[in-house]
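Novice: Structure incoming, see below.
Values quoted throughout were computed directly from the atomic coordinates according to the rules given, and no laboratory measurement underlies them. This structure is a prediction, so every number in the text was calculated from the model and none was measured. Cβ coordinates were reconstructed from backbone atoms using ideal geometry, including for glycine residues, and neighbour counts include every protein chain displayed.
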Amino acid sequence: MSMQANIHEAKTHFSQLIDRVMAGEEVIIAKNGKGLVRMIALETPATQRTPGLSRGKGQIAADFDSPLEPDVAQDFEQ
């Protein structure tokens with residue numbers, strides 16, 4: 001099911017249009033009766049992320065926070 005709203009109506013009632021889209025409706029934004037934009041809800045990911053899956057896979061060098069070489073530091077300061 002879809003509905004059409006002109007640009008002025010869409011600006012005025014944007015929150016209500018989002019509610020309709022989130023309820024499964026498609027909203028077409030039109031200008032002079034001609035559809036320009038289609039609003040649809042984004043699909044939610046099928047699975048939840050599991051924190052920590054990459055734990056232990058990255059490495060940080062022991063000297064990662066040591067001062068930069070003078071010529072490299074100068075390039076960053078310019």
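Novice: Compute the length gained on full extension between HIS13 and GLU69: take 0.36 nm times their separation in residues and subtract their Cα-Cα distance, giving the result in nm to one decimal.
Specialist: 14.4 nm
Novice: Using only Cα atoms, figure out Rg for the chain and give it as a multiple of 2.2 N^0.38 Å. If you can, show how the numbers build up before the last one.
Specialist: On the way: Rg = 25.2 Å, N = 78, 2.2 N^0.38 = 11.5 Å.
In units of the globular-protein estimate, the chain measures up at 2.19.
Novice: I've got another one for you. At a Cα cut-off below 23 Å, give the lysines reachable from LYS11, other chains included and same-chain residues fewer than 8 away excluded.
Specialist: In chain and number order, the partners are LYS31, LYS34.
Novice: Another question, if that's okay. Let me know the charge dipole size of the chain about its Cα centre in debye, to the nearest 20, where only the beta-carbon of Lys, Arg (+1) and Asp, Glu (-1) is charged.
Specialist: I would put it at about 820 debye.
Novice: Return the FRET efficiency for the residue pair MET1, ALA46: r is the Cβ-Cβ distance, R0 is 35 Å, and the value is rounded to the nearest 0.05.
Specialist: Efficiency for this residue pair is about 0.90.
Novice: Now for a different question. List the longest stretch of the chain that has no exposed loop site; here a site is one of the trypsin sites (Lys or Arg not before Pro) assigned by DSSP to anything other than H, G, I, E or B, with at most 12 other Cβ within 10 Å. Could the numbers behind the result be given before it?
Specialist: Values: sites that count: ARG49, ARG55, LYS57.
Excluding the exposed sites themselves, the longest stretch runs over 1-48.
Novice: Ok, one more. Of the candidates LEU17, LEU42, LEU53, which one comes out as most mobile in a Gaussian network treatment of the chain with C-alpha springs shorter than 10 Å?
Specialist: LEU53
Novice: Right, here's the next one. Can you sort MET22, MET1 so the residue with the fewest Cβ neighbours within 10 Å comes first?
Specialist: Going from sparsest to densest Cβ surroundings: MET1, MET22.
Novice: Rounded to the nearest 5, what % of DSSP beta bridges with both residues in the chain are antiparallel?
Specialist: For the chain, the DSSP antiparallel bridge percentage is about 50.
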